[in-house]
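Reviewing the structure listed below.
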Amino acid sequence: MQPPWRFRGEPLALEWVADGWHLRFVQPYRATKVYRCPGCQQEIFPRTLHVVVWPEGETSQRRHWHKACWERRFAELRRAARRGPPAT
C-alpha cells in the first residue's frame, strides 16, 4: 500500500497523513533556520532536507525532525501500538 501523499499547505509542500500524524517534507531551499531535532537532540542546519511532524489536530505541537530520526520514532510508535497496552 502506498502512503497517502499529497501537496498541501502554504508554501505548498509534500504531506503525508498516517496513524494520526501529519508529516511534511521541508525542501532544502525552503529550510532557512536552525532547528533542534527531538529524536537526536542535534541541530538541523539551514539548507537541510528534513520533516515537520505533528499529531493530527494539534498544529501547536509541530516539531522539526531529521528524516531518519522520525522514521525510527514512527517505527517505535507503530510497534508499541501493535503490542497494545501492558498487561495488568
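The values are calculated or read from the model by the stated rules, or taken from the named source; none is laboratory data. Owing to the predicted nature of the structure, the values given are computational and were not obtained by experimental measurement. Cβ atoms come from the backbone with ideal geometry, glycine included; neighbour counts cover every protein chain shown.
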Task: Tabulated pairs, the range 15-30, first in contact (Cβ under 8 Å) with a residue 12 or more places away in the chain, second among the acidic types (Asp, Glu) and part of a loop (DSSP other than H, G, I, E, B), C-beta under 8 angstrom, 6+ apart or interchain - done: Val17/Glu56; Gly20/Glu56; Trp21/Glu56; His22/Glu56
- [ ] Could you look through the range 1-48, keep only residues that are assigned to a strand (DSSP E or B) and of a type in the set (Val, Ile, Thr), and pick out the one that is modelled with the lowest pLDDT?
- [x] Val17
TODO: May I ask you to list the residues in the range 13-56 that are over 14 Å from the mean Cα position of the chain (by Cα) and of a type outside the set (A, V, I, L, M, F, W, C)?
DONE: Pro28, Tyr29, Arg30, Thr32, Lys33, Gln41, Gln42, Glu43, Pro46, Arg47, Thr48
TODO: Would you mention how many residues in the range 32-67 are within 18 Å of Asp19 (Cα to Cα) and of a type in the set (Asp, Glu)?
DONE: 2
Open item on the list: Looking at the range 53-71 only, could you name the residues that are part of a loop (DSSP other than H, G, I, E, B) and surrounded by 14 or more Cβ atoms within 10 Å (Cβ to Cβ)?
Closed with: His66
- [ ] Kindly provide the set of residues from the range 46-88 that are of a type outside the set (Ser, Thr, Tyr) and farther than 28 Å from Arg30 by Cα, ordered by number.
- [x] Glu76, Leu77, Arg78, Arg79, Ala80, Ala81, Arg82, Arg83, Gly84, Pro85, Pro86, Ala87
Open item on the list: So, in the range 46-73, how many residues would count as being touching a helix residue (DSSP H, G or I) at 6+ places or on another chain (Cβ under 7 Å) and on the phi > 0 side of the Ramachandran plot?
Closed with: 1
